[in-house]
1. Which cross-chain or sequence-distant (5 or more) residues have an amide H under 5 Å from the amide H of Ser82, H modelled 1.01 Å from N in plane?
2. Counting other beta carbons within 10 Å of each Cβ, put Phe26, Phe286 in order, fewest first.
3. First check a/c for segment 1-99, with a ≥ b ≥ c the square roots of the eigenvalues of its C-alpha gyration tensor; if it is under 1.5, answer rounded, and if not, answer prolate when a/b is larger than b/c or oblate otherwise.
4. Residue by residue, what Karplus-based ³J(HN,Hα) values in Hz, rounded to whole numbers, does segment 163-175 have, using 6.51, -1.76 and 1.60 with θ = phi - 60° and x for Gly and Pro?
5. Which far-off residues, 5 or more places away or on another chain, put their amide H under 5 Å from the one on Leu57, with H placed in the peptide plane?
6. Over 25 Å between Cα atoms, which of Lys255/Lys318; Lys171/Lys256; Lys128/Lys205; Lys123/Lys151 qualify?
7. Of the candidates Gln219, Gln323, Gln19, which one comes out as most mobile in a Gaussian network treatment of the chain with C-alpha springs shorter than 10 Å?
8. How high is the relative contact order of segment 249-367, in percent, with contacts defined as C-alpha pairs under 8 Å that are six or more residues apart?
Amino acid sequence: MSERIFLSSPHMSEEGYEQQYVQEAFDTNWIAPLGTNVNEFEKELAEKVGIKSAAALSSGTAAIHLALKAAGVEEGDIVFCSTLTFSATANPIIYQHATPVFIDSDEKTWNMDPKALEEAFQKYPEVKAVIVVHLYGLSADMDRIMEICDKHDVVVIEDAAESLGTYYKGKHTGTFGNYGVFSFNGNKIITTSGGGMLVSNNEEKVAKARFWATQSRDQARHYQHSELGFNYRMSNIVAGIGRGQLKVLNTRVEKKRYIYQFYKQKLDGLKGVKFMPWNEWDDPNFWLSSMTLTGDVRPIDIMDALEKENIESRPIWKPMHLQPYFEKYDFIGNGIAESLFENGVCLPSDTKMTDEELLRVTNIIKGLF
C-alpha cells in the first residue's frame, strides 16, 4: 500500500530552525516550564499578529479558559459560543461553571451568523462573553460581530486556533476582540507538538493570566497562594519549537492556499460539489480544505474511498448543540451548521503533500462521480 497521506501532520522546517532553539535550551540546561524561548516566543508571536501582549500556555483550551476567567465569567453566567467548532472551544465555559448558548453558522462564512447572534442578545441580554470561532482558517464576519457585541458592551474572545496567518480586511484574526486564542497542536498550521497562546492589547489582563497559569504563586519567599491557580504555562523546549515554526508560517500558509486552489480547480465542477467560501474581505490560511456535497455522492463515500487508499480525511465538525454532552443547552439558529456537518468533508491538507499525491486524491474523488 502507498505511504499514508495525512489530513494535516506536523511539518518541521527544512532549515532546522526548531532544532537550533531547542538545542540552545539544552546547552543552557534550561529545560524548565519557563525560560528565554517562552519569553521570546510570546514577543515574536505578538509582533507577528500585531498585538501588545501574549501568554504562552500549555494548550489553546487553557488560553480560552483563562480568557473567560479574565473576562470575569463566573458560575451561572451566559456565554455565547459558535456551535460549529471542536469541543475545546466550549469545554472551558463549563470549567467556569457558566452556561453556553450555541450560535448557528452563516452560510456565507461558515462561522458565527450575525443575525443569529442578534437574536441571541434579544433572548439573553445579560450575556457575559461571546466566543467567536474562525473555522478551518476562514474568518468570521468580524466587523458585523464586533458592532453587535460593542453595542451590548460584551467581551469578545476569538478562537483563532485554526486561523493563525488568516487576515480579515488586512488585520490578523485573533486581534479584533478583547482576547484572541491560538493553538499549536500537532495538526495546526504551525505546531509545538502541543501548546497555545492567549493574546490581548490589555497587557494587565495577560499578565494576570500568566500569574494564574503559574499556579497563582504570590511573590513571597515561601510558597503562598491567594487565588486558585492552574498549571498552564508552556515549557521552554516547546516554545523553542514554536519560535522555529513561526519563521515558516508564511510558507505554510502559501502551501495551504496552493492545496485549496488545486482541489478547487480539479473538483469544483463536479455535480453537487461546493467548496468552503472565500470572501473578498477574507485572506484565509486554508488550514483544512473543505467542501460540501448535495448530490448522490455523499461525504462518507469520499472518506471511505480515500481510506481504502490509505488517505486520511474527516467530516466537518459536528455542531456542539448536537453533542450528547451539550445538547441540553440552548441553540439559536436555522440549522446551517447542521447542514454543513451532514454534507461536509475535510480533504487531506498536509503541507508536505506533493502534486502527485494531490492528483491521487482528486482522481479517487472524481472516480466516484
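1. Ile103, Ile131, Val133
2. Details: Phe26 12, Phe286 27.
In order of increasing Cβ crowding within 10 Å: Phe26, Phe286.
3. Details: a/c = 2.48, a/b = 1.43, b/c = 1.74.
It comes out oblate by the Cα gyration axes.
4. 10, 4, x, 8, 10, 10, 6, x, 10, 4, 4, x, 10
5. Amide H neighbours of Leu57: Gly196, Met197, Leu198, Met234.
6. Working: Lys255/Lys318 27 Å; Lys171/Lys256 19 Å; Lys128/Lys205 17 Å; Lys123/Lys151 15 Å.
Checking Cα-Cα distances, Lys255/Lys318 exceed 25 Å.
7. Gln219
8. Working: 135 pairs, mean separation 38.2, N = 119.
Relative contact order, segment 249-367: 32 percent.
Readers should treat all values here as calculations from the given coordinates under stated rules, not as data from a laboratory. Note that this is a predicted model, so its numbers are computed, not measured. Glycine also receives a Cβ, built like all others from the backbone with ideal geometry; neighbour counts cover every protein chain displayed.
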